[in-house]
Amino acid sequence: MDIPGFVFVIIGVLVAGLSVYINVSQGSAAMTLFIIAGTILVAWGVIKIIMQKGKGEGRLAGYSAQQQQQYDKQQYSPQQQQYRQSQQQPVQQQQWQRYKRQ
């Protein structure tokens, strides 16, 4: 299971923020390691978010359209596939009619 990038950002901000607060309140540099660790977590989370946006927003991000179609076919029985196709055809025809009018 993949941990979302925003979780890393939130935890990193909390760790770094609390460490800075403790450093300031105590007047020592005892929590410097945790400030660095929190900053690394924030950076890692931002990188994960940017990379996820690059993959695409599809249900199966990173897969080709053909692979998504194969996945869809595996998920539905022949009756369900036939019903889905019958429901999609009128919508496609309506879209085509609108396109032809323009």
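Since every read-out is calculated from the coordinates, none of them should be taken as a lab result. Everything numeric in this text was worked out from a predicted model, so none of it was measured. Ideal geometry is used to build each Cβ from the backbone, glycine not excepted, and the neighbour counts take in all protein chains shown.
Here are a few things to note about the model shown:
- Efficiency of FRET from Cβ geometry, Ile49 and Asn23, R₀ 41 Å, rounded to 0.05: 0.90
- Put a dot 7 Å past the Cα of Ile11, heading toward its Cβ, do the same for Ala37, and the two dots end up 1.1 nm apart.
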